Structures are given as structure tokens and as C-alpha cells.
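All of the numbers you see were taken from the coordinates with simple rules; none came from a lab. It should be emphasised that the depicted structure is a prediction, and the values quoted were computed from it without experimental measurement. With ideal geometry, Cβ positions are generated from the backbone for all residues, glycine too; neighbour counts draw on all protein chains shown.
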Amino acid sequence: PVAVKLSDYTPYPFEVEQVDLRFDLDPEDTRVRADLKIRRTGDKSAALELDGEALELKSIAIDGTALDKGAYEVTESGLTIASVPDEFTLTTDVKIAPASNTALSGLYMSGGRFCSQCESVGFRRITYYPDRPDVMSSFKVRMTADKETCPVLLSNGTPGESGDAGDGRHFAVWDDPHKKPSYLFALCAGDYDIYRDQFTTMSGKVIDLAIHVDKGDAERAAWAMDSLKRSMKWDEETYGREYDLGVFNIVAVRDFNFGAMENKGLNIFNSAYVLADEASATDADFEAIESIVAHEYFHNWTGNRITCRDWFQLCLKEGLTVFRDQNFSADMRSRPVQRIKDVIRLRARQFAEDAGPLAHSVRPDTYGAIDNLYTATVYEKGAEIIGMLRRMIGEETYRKGMDLYFERHDGQAVTIEDFYACFEKVSGQDFTQFRRWYAQAGTPEVTVEENWKADSNEIEITLRQKTPATPGQPVKQPVPIPLNMALLDEEGNLAEWMTVLEDEEVTLTFDLPDGTERPLVSVNRDFTAPVRLARSLSREDRLQLVRLETDPFNQWDGVQTLAKEEILALAEGSQAEPDADLVDAIATAIEGALGDPAYAALLTRLPDVGEMFLERQPADPVALNKARKKLQKAVAGKLEDLIISVLGQPSPQPFDPGAEQAGTRALRTAFITLLAGSGREDADTHLLKLYEAAPNMTEKLAALRGLAGLEGEARDKALADFEEAWKTNPLVMDKWFSVQAVTADAETVAKLAAHKDFDLRNPNRVRSVVAVFAMQNLSAFHAPDGSGYKVVEEIVRKADKANPSLGARLLTAFEQWRVLEPQARSEAEACLRRLQGSDLSKNSADIVARALG
Ligand code: B3K
Ligand code: ZN
């Protein structure tokens, strides 16, 4: 495939002043008529080039006159008209077939309803158009559809005229007053139940809010609506941003390639991130809904009003908007707990990506397939960079910079440079070196060395940075790394400060008062910078650090580090059993945190097998998994009485999805997990009782997950019961598939894929089996006999045929293959080579080629 390069960017030589779209909707034969009012802005001789894919052109005219066959050329990827006037209206008529669109890009059907997905390049599957984000235009949409099957007709902006169209059909007009790029276009048509509410903005405008869901599901949209209103309020209070249309619509669809989409005034959501109630959704679901609803809403300003000049700038909207939604969640819940969760996700997904063959910079300068650019690096590392920026200039200056950004660039399609120019202006600082964070891939490693001089009460701290080579980037420059630090002793903090490590190395010296004991150094508090720390501390020092630490993130991370080293030692056989002091320390930390159950729950979490891949190579997932379980069993044993007593208490009633109760339940489910790993003989019967008694999905699923990892009657009984209870609810059935996939071997995965409810066309269902198995069950996916790879390969091949975006996403599970022990490694390579030699989509071929490097 030909790579697209940032350095090739040129502005589009025409402006599209107005887009008038007419849809005659039909599942098999939809007609789209587009009237584009076009004006030349560039080169006098430039041809008019439009993107178009999977379209059947029925007619084409300029200013009402049909074009001769020789006047234009149609290819698989678009349409070119060699000679056009300086100002004209182009009219095209195309036929598309939403019912056979299995890629879920463009206009497609889900559950018998029409829905669209245009980012990044789906609009070209709807009509011929300059499908690039820097072409912004005013859109007017008129759609006609069957009255009975499609009583509701939605598009972007504000509703206009509507009425009868004869023949059992009706029509509706939507007008979007805000100019937008084509990727923000949306259309939905069908029969929905609607959950309605209103929001009054800070200037007193009343906005009609509506969430459209499957029949019978309206009440399950209440939490999403509540989250939406809180997001609207938060963006007013925190960023001074008000909503800018009279209506805001959300539509939930079951078949969707990712989480949700921020189309102007008409957000389309994967139903998994809209529907929730006590009985069918977990607290994690409620939390995800809250953050995704917020994320899409926040895009209205960071993404829609100000958009990206080109797709290389994707992090301009995504990194910034993730940063915004993370802070929203922190404000809704607990800031330290949110920070820990964000870092868990970053380490699991982004650090792994950054360390493997798919590593790329936050703003890449080349790509093969645009869909593959929606990565943890662009999103999560992109968010971390904004977080560092804010810490370095302070909250007030950050807000001034954002205000200036909105003021300068409203209505424009801009670049990362434009964004930083605003912060340079308000802070008077130069961010040239800081912007290396966008250009350089790889996670910097910071080495910390301490030298305590007891005679002079001096401590020297030397910090060094090094970023490992990544594909195409053998040599790295230093990046500015803001590190919150502290000196700790028995009394608490001796000193607290932020160092920005600008160069390769810096040494800090502190003179402490006479008689001071050697202080402990706390580094990267609150995870101020997305780096890996290398410190050669003794276990005693690490235990001491956990005890003295005053920063909640670092206390948690101290426990993680201890646990990581322990798991590695157990896996490598340098130790047969977990160290008693260490197990004590973990248990003590948990007991000490019971007043903040959400935090205590995080302390019970042991690092995942995948995180360990980064620590020591080659990685042996089977041994790591065994070692992790050993440690888990030891911790469970130590806390046995506490676990039994906490689980003996009733779950909070009546149910409330808010942070406080969710925290209590988080600890309960963490203890359910420990109980399942305790090795107690009665664990399964105890879990079955908990399963049966659980008054909410959070605890029911935790018990089921615990049982799924065991063997025997209790397990089979619970799984059968759950299936029977929920077989008609697809979102809950996704969970039923997941709890099995997460502990399954290849054979079980094959069985799940053969289940009558496994549906290759439904991304949620495919992911609930394949992504869960390949990304969360690493000891089985990377089984040394290659069985895990084979079963995934077989399913992915089929999925990829229908839906390239889904196929490619699943294949990223192979990204770590090079660090594995030799047997798994050679099986993985063989699998990738088989895939490379076969007929894959362009998206999947791009992943496989890069993985093989
Ligand atoms: N902007 C969309 C992602 C679209 C992915 C296209 N392959 C959702 C989001 O980040 O808000
Ligand atoms: Zn986004």
C-alpha cells in the first residue's frame, strides 16, 4: 500500500460553500443526490478531484447540464473532472446499498435501522466529495423514507420542514448552521424509543436532549442522559464552553466499530456505552458510559468547532479530548483513583504499543491505513502530553491558552503547531523542544540514582533519560520530562518540588539539617510524566517507600512495583514461594486503605501478565500467569478473614451508580476475585452463593468471572443460569462470552465461536470473544503450541472479509510477538507469515506488515 505523508500536504484548491444532500432511503437501493456549490480558491488549472468508494454513479451535471462521458473519469477511489469553471454547482446522483455494507463505514443498517459512520473516510462511501477534514462546508439534508419502518429521521444541526411524501413515505429536512468537515456528517433513520430531557445553558438557552434506543430500552438510557447533562455543565464551568445548537441527539446502535462518534449535534454510540441499569450493567459500564458520553460531547468544541487540518493531526482533537474527559471523570469521582485507572490503561495498551513493532509517534508523519491510526498512542499518550503541558504552565495559564485557542481558531481546521502557538503566546515560553513528544515514538526511560552522604546530610539525586529506538527512529533526542518529586521520612514530606528533566542528565543536591536520617526519594508523583522509571532499590527500601509514601498514586505504584518484581522472581524460579514480608506489606496497605474502598480495591490488583512483558525478555506468559496466581493466592490467604467478613455484609441498597457506592462495590468485587484465587476448597460453592445472591450485575459478574476460572459443577451451573437469564439481551450476553474467553483455552474459544449467538458481523460480540482472549488471556493466546494463534487467525480471517476495521484491530494482539519465549515466538511468526501471504484487507495487511517489520 502507498503511504500517505504529512510532508505532502497541500490545501484543497476549491472551497465547497454549500452541500445539499437528498437521501431516498432504502436498504438495498438508497439514492443520494448531492448538490455541491463549489468555488475555485487555488490553482487555475487544477482539476476537480473527489473521493468516492463503492458508489454507483447514476448521473452527473455541472450547473444543470449533464457531463459528457469524456469529461470525467471514475475510478475505484474517486471521480475526476479535468476542467471545471471557477464557480459552479456540481450535481451527482449515486446508488448505495446500506444493507450490504458490512464494513460499518459509510451508510449501513443496524438492527433494521439506517445509521452512518464517516470518520475518517466513510463519507466517500455515501457520495462523491473532497473527503478530507480541511474542507469545511454548510450541510443541508433532506431525507425520504418509509413511514412505518423509519418514523424517526435524524441528521446534523436543527430540524426543519417535514411531512408526507406519498406512497407510504415521509420526509424531513435538517440544516446545520455550523460549517463542518464531511467526517462529522451523520444520518440515522428508524424506529426508536426516545429518552428525553432538557438542559439550560449558562446563557439561558434551553436545549432539547434526546437519546434514541431500541424499543423497550428507554429507561436504560437514564444514566447516559445524566452523564450528558453533567458534561454540558462541566464544560461550561471548566472551559467556558457552551453548547451551540437547539437540539442534541444521541442514537445507540448495536453494530458499531468502536465506542462512539461525535457527529455534530447527532452523536452515534455503540449501545454498550449508552444502556445501563442495576440489573444488566456493571459499575465499570456506568463509568465507561459517563466518560464516553463526556468525551463525545467535549468534541463539540475540541474537534468539531475546531477540527484537524489533516489526519496526521488526529491527536489535536483526540489527545486533548481524552485529557478533558479524564479530568471530568476525576471531578465526578476521585482524582487519585481516576489517575491510577488512566495509568493502568496507558501502561497496558500504550506502553506495549510503544515498545513493539507498531510503535509510532503521537503525530506520525506517515501512515498506510488511516483506520489504524486510532491508537492508544494518539489517544492516551496524546492526553498525557496535554497533562504535562498543563502541569508545566499551571492551570490558569493553561486555561488562558485554551481560551485563546478557541478564540483564534473557531471554525478552522488546524495543526498541533497552531495549538502550541496559543500556549507560547500566553505563557511566553517556547515549546519547540516540548513538541518532540509528538514527533518521537517510544516511552522514555528515566533512571534515578541516589547518593546519600551521611557526614554532610546531603542527598544527590541523578536523573537520566533515554528513549529506546523504535521502527524508523533509531536515534532519539531528550524530551522535557516534568517530574513531581519529594523527599520522605517518618514525619512525612521533607521537601516537594517539580523538576523538568530537559537534558539527558541532571543532578540535584539537597542539604538537609544535621541529624537527618537518609530520606527516601519519591519520583514521578501522580505520574506527572508518561515514562518508565528504572531504580535499583532494595526490597527493604521499596517496602519502606510504600509505608512512607504520601502520594496516593505512588503508594499504589510502589505496591505494583513490588508485586511485579515478586511475580518475575516466582516466574523465573529464583524464588519458590512469595516473600512473607512482601505479602504482609500488600495486605497492610489494603487494610490501611479500607476507608477509601475504591482505592483499596486498586491496591488488590496485581500487575497483568502483559505488563510484565515490558520488564524482562523473553517473556514466558505461561510461567508469568502461574506466578501471578501464586502471589494472588498468598495475598488472598493473608486477607482471608477480612474477605469473608466484607463479603458477608450486604451490598449497599438501594442501588446508586455514583462514585461512593461504586467504590464499596469495587472492593467487594476485588475481594470476590481474591476469593476465587484463594485456592480454598469451598471457593466455588461460596462464589455460587454470592452469584445467586448478588443484587446487581457488578457483583454477579464478578462472581461469575471467579467461577469461570474454576472447574466443576458450580461453574457450569452459574454459566447456564446466566445464559438462560440473559439470552435475549445482547449486551449482557457479550459479558457471558467474555467471562469465558478470559480464561479459555483455544478449544473453548473455538466452541464459543461456534455458539449459535456468536455473530461475526457484530463487532461487540466478536471482540467479546476474540479480543478478550487475545488481549486479556495472554497465557492461552501465546500458548507455546500455537493453538491460541490458530484459533484467532481463523476467526479474524472471516471477520476481516466483512469488516476490515475490526479485523485489523484484532490483529494488533500480535504486536508483542517478538518478546516471547522461543516456541510461542516462532508460532506467532509463522501465523503472521501465513496471514501475510493471504488475502487480507488493506487495514489488516498494514498491521501484519508492520508487525513483521
Ligand atoms: N472520533 C471517533 C473515532 C473514530 C474512529 C474512526 N476509525 C470517536 C472518538 O474518539 O470520539
Ligand atoms: Zn474522540
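Annotations for the structure displayed:
- Rounded tilt (10° steps) of 683-693 against the dominant C-alpha axis of the chain: 50
- On Cα atoms only, tilt of 822-836 relative to the major axis of the chain in degrees: 0
- Kirkwood hydrodynamic radius over Cα pairs of the stretch 260-400, then Stokes diffusion coefficient at 4 °C and 1.567 mPa s, in µm²/s: 81
- In sequence order, the stretch 304-315 has phi-based couplings of 8, 4, 10, 10, 8, 5, 8, 6, 5, 8, 3, 5 Hz under the Karplus curve 6.51 cos²θ - 1.76 cosθ + 1.60, θ = phi - 60°, and Gly or Pro positions carry x.
- Between 0 and 90°, nearest 10: helix 730-741 axis offset from the chain longest Cα axis: 40
- Cβ-Cβ FRET estimate between E445 and S162, R0 fixed at 45 Å, reported to 0.05: 0.15
- At 1.306 mPa s and 10 °C, Stokes D of the stretch 191-284 from Kirkwood alpha-carbon radius, µm² per second: 115
- Taking packing as the residue-averaged number of other Cβ atoms within 10 angstrom, the listed peptides 691-698, 409-416, 571-578 run from highest to lowest as 691-698, 409-416, 571-578.
- Counting 0.36 nm for each residue step from T80 to E496 and taking away their Cα separation leaves a gain of 143.5 nm.
- Distance from the stretch 319-352 to the stretch 8-32 (C-alpha centre basis), Å: 37
- The three principal axes of the Cα atoms in the chain give end-to-end lengths of 90, 65, 59 Å, sorted in falling order.
- Amide H contacts of A281 (H built 1.01 Å from N, in plane; Pro and chain starts excluded): M697 sit under 5 Å, all sequence-distant by 5 or more or on other chains.
- A simple packing score, the average count of other Cβ atoms within 10 Å per residue, orders the peptides 54-61, 507-514 as 54-61, 507-514, with the highest score first.
- Distance between the stretch 714-768 and the stretch 592-656 - C-alpha centres, whole angstrom: 24
- Ranked by the mean number of other Cβ atoms within 10 Å of their residues, highest first, the peptides 12-20, 448-456, 834-842 come out as 12-20, 834-842, 448-456.
- Residues T366 and D541, FRET efficiency given R0 of 45 Å [Cβ-Cβ distance, rounded to 0.05]: 0.50
- Here the chain is assigned +1 on the Cβ of each Lys and Arg and -1 on the Cβ of each Asp and Glu. Its dipole about the Cα centre then comes out at about 1580 debye.
- Calculated from backbone phi, Karplus (6.51, -1.76, 1.60) coupling profile of the stretch 394-407 in Hz, x at Gly/Pro: x, 5, 5, 5, 4, 5, 4, x, 5, 4, 5, 4, 5, 6
- Residue-wise HN-Hα couplings along the stretch 577-582, as the Karplus relation 6.51 cos²θ - 1.76 cosθ + 1.60 with θ = phi - 60° gives them from phi, are 10, x, 5, 5, 4, 5 Hz; Gly and Pro carry x.
- MRE, 222 nm, helices only [DSSP H, n ≥ 4, -39500 (n - 2.57), over the chain, to nearest 500]: -12000 deg cm²/dmol
- For L483, the amide hydrogen comes within under 5 Å of the amide hydrogens of T499, V500, L501, counting only partners 5 or more places away or on other chains and with H modelled in the peptide plane.
- Restricting the calculation to Cα atoms, every distinct pair contributes to the Kirkwood radius of the stretch 118-254, found to be 16.5 Å.
- Average 1/r across all pairs of distinct alpha carbons in the stretch 445-529, invert it, and you get the Kirkwood radius: 14.1 Å.
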